[in-house]
Structure formats: C-alpha cells, structure tokens
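J.: Sharing a structure with you now.
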Amino acid sequence: MQLLGSFLAGGWSNGSGATQALLNPATEAVVAEVHAGGHDLAQAFAFAREAGTAELAQLTFAQRGELVAALAKAIHGAREELIALAIANCGNTRSDAKFDIDGAAVTLSHYADLGAKLGAHTLLGDGEPIQVGRTARMSGQHIWVSRRGVAVHINAFNFPAWGTCEKLACSLIAGMPVISKPATATAHVAWRLAQLFEPLLPKGVLQMLIGPAGSLLDHVTPADVVAFTGGSSTAQMLRGKVPHARLNIEADSLNAAVLGPDVEVTSEVGNLFLSDVVRDMTQKSGQKCTAIRRVLVPEDKLAEVAEGLKERLASFKIGNPELEEVRIGPVASAQQLEDVKAGIARLAAATEEVYGGRGEVPGPGPLGVPEGKGFFVGPVLRRASNAMTCAPLNEHEVFGPVSTLAPYSGDAAYAAAFIAKGEGCLVSSAYSDDRDWVQTFVTNAAPWAGRLFLGSSKMAAMSPGPGTVLPSLVHGGPGRAGGGEELGGQRGLQFYMQRTALEGDASVLKSLIG
Ligand code: NAP
C-alpha cells in the first residue's frame, strides 16, 4: 500500500502512529494511506521562518512570478497523471478533475503574470503620495510589504489542486513561505503536487503536511497568517485557536439563483439559467462551495422551470467516474454521504419532492461499481412553498447534488431579501435583461454576497457560469461564508502583506517604491 509522506523541513517524512486510509469513493478500495501524526511541526515552522522567509525576501515580485510560472508548467506536464489521481481518490469524473486541475494551473499562470507586471520590486505602493506637511516635500505614502511569518493554508476536500494552488500563488508572489495542509480524505492530488513543486522552489518556501492537522495550529504566532477553507464548525474552532493571528475563512455558503420576471424559460437567458442550475447540481456531484443551493423563480414559471430541470437531470448517468459515460460520480467520503443524506432529510421535512426522492440512484444503481459499494447520491430537486420561511433551505448547506426551488412574485427587492436570508454567501446569480430590476437587485443583494453573477442575453453565449471562481475576481463572502476574501488579482496578495504608512521626504518615498 502506498504511504503518503509529508514534505517538511526540507525533506520527506512518513510520520508515525496509526494510519488513515484514503479511499476510492466509487469502490471503497484503499488507494493510499497516511500516518495520523509523528511529524516535527515545530521544526517545520522554524524552517519556514528561517530558510523560507530569507529565500523569498531576496526575490523581487518578477522573480517570484517566474517560480509560480514554473509550478503552472509542472501541472501542465503532469496533467493526465493528476486527472487519474483525482478520478481515483476524489470520485471526480474526468471533466470534474479537469475543472480542479486546470483551474489550479490557470490561477498559477494568472499570478505568475501579475508577478511579472509588478516587476523588479519588493515593496508595493498603495495609492498616490499625500501631502502631510506645509509643502508637498513632506509627504505620506502607503506601502505593502511582505509579512515576516508563515502562511498556514488549510484546504477543503473538494478542490485539492485548485485550493492548494490559489492560496500558494498569492502567498508566493506576496513573499510568505507556506505550510499547506490539504484535507486528508482527498490528499493524493495535493501530495503529488508537492512532489512536483518542491524541486522547483527555494528551500523552506513550500512545505506540505499530508494527514490530520495534529498540533499545527499550536505553532502559529502573531506574525503568521492562517488561510482556511472548509466547514463552518471547523472554522469556529479555528477562530478560538488562533485569536492572535490574521485569519481568512472561506466556509459554508447558501448560494442562490434568481430568475427575473422578464425572462422566458425558453429564451437564451432562460436556457443559461437552467444550464447553470444543472451544472452546479451535478459538477463535482454538487460539492462546490459556489454551487447554487436555492433557486427563486416567478410563480407563473415555476412548473416550466421544474420540468426543464427534471428533463436535464434525468439524462445524467451516475456511477464509477472511470467510465466515460458517467457524468455524476460519488461524493468524496462516507462522512460526506451521511451529511448529504441528513441534509436531504432535513429539507424533505419542509419541502415537496420535484425530482430524485432522497437521493437514491435510479435504475440498476451506480454504473460500474461493485454491489453495495461507493458513496453515491443521485441529484435531488425540492420545492419550498415559501422561500423566506423555509428554515432548512436558508440555514443549512447540503454539500451535494441538491437544490431547492421556491416561487416569488418577481419583485427585485424580495429577491434580494431572499439572498440576504442565507446570511452571507460566496456568490449568487440573477438572470434578467431588465436594467431597473437588476439595479434594485444588485443594490440590495450585494451586501450579502462576495460576488454577484448577472446573466443576460448579451453575455449568455460567453458565460463561465456563477460556479467558476476566477483569479481576477475576489472569492469569499460575508457572514455565513466566513467573511474572508481571496484572489481578486492583486487584492489577493494583501492578506499576506502588511500595509504601512510612510511619512517623509517625497523623493525618498518615491525612490522606495520605484
Ligand atoms: P472541514 O471538515 O471543515 O475540513 C477542512 C479542513 O480543515 C481539512 O483540511 C481538515 O483536515 C482541516 N481540519 C479539521 N480539523 C482541524 C483542526 N482541528 N485543525 C486544523 N485543521 C483542521 O471541511 P471539508 O469537509 O473538507 O469541506 C467541506 C466544507 O468546506 C463545506 O462546508 C464547504 O462549504 C466548505 N468549502 C468552502 C469553500 C469556500 O471557498 N468558501 C470552498 C470549498 C469548500 P482533515 O481533512 O485532515 O480533517
């Protein structure tokens, strides 16, 4: 059995103690194992602080960009191998695996380009000089400078490549060494990335802990930062554990999609709306933090929308993602399956069935899977009679192929209030060509969302959909979504840098930032 080691303090270490198995979630076969502990994490932090910080401090943004570009190239070179690992360990279809792995490479490339653009500097100017004395000679200037600590990255199980690389790209360009910890259940892809990346990076710049966190957070000091993606209960624990460190949280999100009253279901925009809902229910078996969980539809179009979604969902084959015809694989683990089934049961108590019952896989069961094996749940569509008062809809994220429809009158302010009912989301979407409706919606919904996706006939043919996180736009959301912010081009560096106000001779300040 393959034992996955961790890359810590400049070398690979297997750890010790009990082992934890990484499974193929379609067959439940063991694909690899990790030791649950036995790593010297104090040494890893010391190594990052000394070697990693020193290595990065002597590199300009452009030189760091070259390192990040090399990582993107390494992913391209190993793309097929990484896809195979994601299919075997994450339950991904080939298309799901590409979404994760290509997303990682695209994000690294974006930040490599940003590094090149920021050039041969180590300080970033923030805004224009400000006169603070009697004449402009006595000036103020805000700058960004790399923080001198360790960036601890803790990632969720659903995007082992993209999650690892988006955090890594921002840290490296900003100049902070990283200790990265992927979720254990799907760590095989991240482990392989560490193998590919470590020879390309200066020592101490990237370390990766494979397996449970153990005492990881005990070593975090006020100079360090922790970037976390995962569930809200883990996030809550983290807040208490590292109260002194800068913490970014990307957690649960009850993302919504709203069909505007002006849109015909059979129109191009109507088709975009249906496609986006179905894609988010089925891609990665609904295990996307950005997936549409709540769908608001004008009352007079709800039956037509339900029919359109049912028809599309019925065409999806469920089973072992190694089979080409399969379009929905299993969820990632037995625990995930249990959580999704519990979420469906909670929804079922307060909503009507539209499609998929309680997530039973239709027909003969999952394709290409030994009988009784695998963590499968079929797509489930429910209908709530009242969008605002259905507590399970607005309070619990079901992290699987599950979504719920609800009717409304078409009022934009009500639609925005429905977004707010989720108490903060990563992304929500609205589909309308009525600019007044969109104006009211955006003004009232934006405070509750990290990103708003506005579907309309002018962009329908070139839309990436609301579920795709782009490196150029911020990712994160208020409230329930954790209150964090990642990516967004240059904004993504700020978490890893200190903003300092400088005061002095204007020409000195200018020479510092170049
Ligand atoms: P999770 O159970 O909260 O785990 C997330 C990460 O935290 C894993 O790496 C986990 O490690 C680690 N962890 C658990 N206990 C820890 C501790 N005591 N100290 C340090 N680290 C600890 O979440 P998940 O099941 O992987 O992911 C599903 C959730 O993530 C969903 O709720 C989803 O909404 C959310 N998510 C959010 C985003 C976003 O961008 N907002 C993106 C993806 C997913 P182990 O695996 O070793 O336990």
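The values are calculated or read from the model by the stated rules, or taken from the named source; none is laboratory data. None of the values given here were measured: they were computed from a predicted structure. Cβ sites come from the backbone with ideal geometry, for glycine too, and all protein chains shown count toward neighbours. Remember, those area values only see protein heavy atoms, side chains included, never the ligands or the DNA or RNA. Shrake-Rupley method; radii C 1.70, N 1.55, O 1.52, S 1.80 Å.
J.: Round to the nearest 0.05 the FRET efficiency obtained for S511 and D262 when R0 = 60 Å and r is the Cβ-Cβ distance.
T.: Step by step, r from the Cβ atoms, then E = 0.60.
J.: Across the stretch 165-323, how large is the tail of the calculated P(r) beyond 19 Å, expressed as a percent of all Cα pairs? Spell out each step's value before the answer.
T.: Values: 8457 of 12561 pairs.
That fraction is 67 percent.
J.: Project the alpha carbons of the stretch 256-470 onto their principal axes and report the range along each, largest first, in whole Å.
T.: 55, 35, 32
J.: Here's another thing I want to ask about it. Under 17 Å from a point placed 7 Å out from the Cα of A29 along the Cα-to-Cβ direction: which residues of the stretch 360-390 have their backbone N that close?
T.: The answer is 367-375, whose backbone nitrogens lie closer than 17 Å to the label point.
J.: Per-residue accessible area for F228 at 1.4 Å probe radius, Å² rounded to 10?
T.: F228 exposes around 10 Å² with every protein chain in place.
J.: Round to the nearest 10 and report in Å² the accessible area of D339, as given by a 1.4 Å probe over the protein chains' heavy atoms.
T.: 70
J.: May I pose another question? Among I179, S333, L393, which residue has its Cα positioned farthest towards the positive end of the charge dipole of the chain, with +1 placed on the Cβ of Lys and Arg, -1 on the Cβ of Asp and Glu, and the dipole taken about the Cα centre?
T.: Towards the positive end, the residue furthest out is I179.
J.: What residues qualify as long-range amide H neighbours of G38, i.e. H under 5 Å apart, gap of 5 or more or another chain, H built at 1.01 Å from N?
T.: Close amide H contacts, sequence-distant or interchain: S16.
J.: Here's another thing I want to ask about it. Please go through the stretch 214-288 and write out the GluC sites (Glu not before Pro) that DSSP classes as loop and that have at most 13 other C-beta atoms within 10 Å.
T.: Here the sparse-neighbourhood loop sites are E264.
J.: Excluding residues on the same chain fewer than 8 positions from K203, give the lysines whose Cα lies under 26 Å from its Cα.
T.: Counting by Cα, and skipping residues close in sequence, K203 has these lysines nearby: K73, K117, K167, K181.
J.: What is the extension gain from T500 to W12, computed as 0.36 nm multiplied by their sequence separation minus the C-alpha to C-alpha distance, in nm to one decimal?
T.: So the chain would gain 171.9 nm between T500 and W12.
J.: Then there is this: Give me the lysines in straight-line cross-link reach of K310: C-alpha distance below 16 Å, same-chain residues under 8 apart excluded.
T.: K301
J.: Ok, one more. About its Cα centre, how strong a charge dipole does the chain have in debye, to the nearest 20, once Lys and Arg get +1 and Asp and Glu get -1 at the Cβ?
T.: For the chain, the charge dipole is close to 1120 debye.
J.: Hey, another quick one. Order D434, D300 by their accessible area, 1.4 angstrom probe, all chains in place, largest first.
T.: Values: D434 60, D300 130 Å².
Descending accessible area places them as D300, D434.
J.: Given 37 °C and 0.692 mPa s, how large is the Stokes-Einstein diffusion coefficient of the chain in µm²/s, with Rh as the Kirkwood radius over Cα pairs?
T.: Working: Rh = 23.8 Å.
Rounded to a whole number, D works out at 138 µm²/s.
J.: Further question on the same structure: How compact and how long is the stretch 53-158, expressed as Rg and Dmax of its alpha-carbon atoms in Å?
T.: According to the Cα coordinates of the stretch 53-158, Rg and Dmax are 19.8, 68 Å.
J.: Counting only DSSP beta bridges with both residues in the stretch 368-505, tell me the antiparallel percent, nearest 5.
T.: 15
J.: Looking at the stretch 256-470 only, what percent of DSSP beta bridges run antiparallel? Nearest 5 please.
T.: Around 10 percent antiparallel, to the nearest 5.
J.: Also, I was wondering about something else. Rounded to the nearest whole Å², what accessible area per residue is found for the stretch 256-470 with the 1.4 Å probe?
T.: Here the per-residue accessible area is 39 Å².
J.: Starting at 0 and stepping by 5 Å, how many percent of the alpha carbon pairs of the stretch 169-221 end up in each bin?
T.: Using 5 Å bins, I get a P(r) of 4, 18, 26, 25, 20, 7 for the stretch 169-221.
J.: Next question, about the same structure. Would you kindly find the accessible area of D436, with a 1.4 Å probe and non-protein molecules such as ligands, DNA and RNA excluded, rounding to the nearest 10 Å²?
T.: 120
J.: Run the accessible area of the chain with a 1.4 Å probe and give the carbon-and-sulfur part as a rounded percent.
T.: C and S fraction of accessible area: 52 percent.
J.: Output the Kirkwood hydrodynamic radius of the stretch 468-514, Cα pairs only, in Å rounded to one decimal.
T.: In the stretch 468-514 this quantity evaluates to 13.0 Å.
J.: Which percentage, to the nearest 5, of the DSSP beta bridges contained in the stretch 318-445 is antiparallel?
T.: In the stretch 318-445, DSSP labels about 35 percent of beta bridges as antiparallel.
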